[in-house]
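None of the figures in this text is laboratory data; all of them are computed from the coordinates on show. Just so you know, these numbers come straight off a predicted model, no measurement behind them. Heads up, the Cβs are rebuilt from the backbone with ideal geometry, glycines too, and the neighbour counts pull from every protein chain shown.
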Ligand SMILES: [Zn+2]
Ligand SMILES: [Zn+2]
Ligand SMILES: [Zn+2]
Ligand SMILES: [Zn+2]
Ligand SMILES: [Zn+2]
């Protein structure tokens with residue numbers, strides 16, 4: 001079986017790796033040490049469900065027939081979990097017998113217009129002063145009054161202005177006397193209110209009221225008790241052993257290891273036989289059913305690997321795992337070697353610092 005390397009298999013794989021094929025038994029005699037290193041990779045996706053009820057309402061006469069009904073306590077109503085526990089969804093239900101359409105309580109679907117305070121019109125500015133003549137001498141002959149002002153002789157500057165650009169005055173009808181912009185008015189007419197000082201309210205178009213929002217202007221609302229069943233995935237995982245073995249070994253074993261895999265579809269499903277006894281407690285606790293859980297999918301993978309040390313090569317730990325074509329070996333520097341290298345590096349740094357200090 002791919003997941004059960006014997007001690008002989010393991011030692012022979014190391015012997016071959018160090019260039020001594022066939023000398024597995026000899027490694028054992030010279031004091032090789034084998035530590036079993038069962039690995040486990042477990043992912044669990046739970047479908048978690050939450051149920052709530054609340055009063056609901058819609059404007060007018062509303063058809064709830066597209067929603068399924070429930071009776072009595074929402075907790076007792078059967079709702080299937082999604083086939084795939086990764087799927088998120090919400091099922092909306094209606095309490096049987098709770099739907100009723102009632103008067104809104106407003107005034108026939110209308111509410112007073114808030115913009116004009118039910119007045120139907122808004123105050124408006126009258127025409128602003130003419131920007132060209134600023135209301136001063138809109139007409140050089142009548143001054144915007146329509147009659148010759150006898151107490152007031154036109155100034156020299158006004159006479160000069162009168163020559164160019166002036167137009168016929170709408171008040172006194174004299175040609176070439178009026179400001180071309182306002183034609184003698186002295187102001188521009190307000191286009192919104194035609195200088196009346198009031199304009200029609202744009203919100204209610206002068207009707208003093210608008211449609212009541214909660215009933216959409218119908219005067220009716222439909223009420224019912226709604227039940228909501230929400231289902232959403234919750235993911236967690238478990239990786240053993242802890243603390244994790246060296247990264248390079250984990251990567252290589254993850255890629256090339258002959259992992260055994262099983263998918264469990266329910267909370268009561270029995271665990272696979274091949275799991276290492278040392279992992280059972282952690283696995284069982286990771287798989288404990290949670291409050292609100294209605295479905296799950298569990299993917300479990302496991303690989304029986306080992307860490308081997310041999311007295312002949314104290315600088316390495318040989319990690320052995322079952323690959324697809326027999327055992328594979330990943331040599332990793334031993335702690336002893338790592339410490340020695342660190343010490344050498346530190347020594348070099350000290351030397352360099354000394355030399356720098358001496359120069
Ligand atoms: Zn003007
Ligand atoms: Zn005039
Ligand atoms: Zn106006
Ligand atoms: Zn209004
Ligand atoms: Zn209403």
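In this structure, residue 349 and residue 324 have a Cβ-Cβ separation that, at R0 = 41 Å, corresponds to a calculated FRET efficiency of about 0.40. Its residue count N sets the reference 2.2 N^0.38 Å, and the alpha-carbon radius of gyration of the range 225-359 equals 1.66 times that reference. Here the simple spin-label model places points 7 Å from the Cα toward Cβ, and for residue 96 and residue 200 these points are separated by 5.4 nm. Diffusion coefficient of the chain by Stokes-Einstein, Kirkwood radius over Cα pairs, 20 °C, 1.002 mPa s: 68 µm²/s.
A helix-only calculation puts the chain at -5500 deg cm²/dmol for mean residue ellipticity at 222 nm, using -39500 (n - 2.57) for each DSSP H run of at least four residues, averaged over all residues. The label-point distance for residue 269 and residue 213, in a model that sets each label 7 Å from Cα toward Cβ, rounds to 5.0 nm. Over what distance in Å are the Cα centres of the range 208-234 and the range 89-132 separated? The range 208-234 and the range 89-132 have Cα centres separated by 16 Å.
For the pair residue 181 and residue 262 in one chain, pulling the backbone fully straight at 0.36 nm per residue adds 20.2 nm over the alpha carbon distance. For the residues 281, 210, 145, a GNM of the chain with alpha-carbon springs under 10 Å puts the largest fluctuation on 145.
In this structure, residue 145 and residue 190 have a Cβ-Cβ separation that, at R0 = 25 Å, corresponds to a calculated FRET efficiency of about 0.75. Highest GNM mean-square fluctuation among 298, 317, 348, for the chain modelled with Cα contacts below 10 Å: 348. Computed from the C-beta positions of residue 80 and residue 237 and an R0 of 30 Å, the FRET efficiency is 0.70 to the nearest 0.05. The value of relative contact order for the chain, using C-alpha pairs under 8 Å at least six residues apart, is 30 percent. What residue among 323, 120, 184 shows peak mean-square fluctuation when the chain is described by a Gaussian network model with Cα springs under 10 Å? The residue that fluctuates most here is 184. Net length available on complete extension from residue 248 to residue 89 is 53.2 nm, with 0.36 nm assigned per residue and the Cα-Cα distance removed. A convex hull fitted around the alpha carbon atoms of the range 244-292 yields 126 Å³ per residue.
Between residue 285 and residue 26, full extension at 0.36 nm per residue minus the direct alpha carbon distance yields a gain of 89.0 nm.
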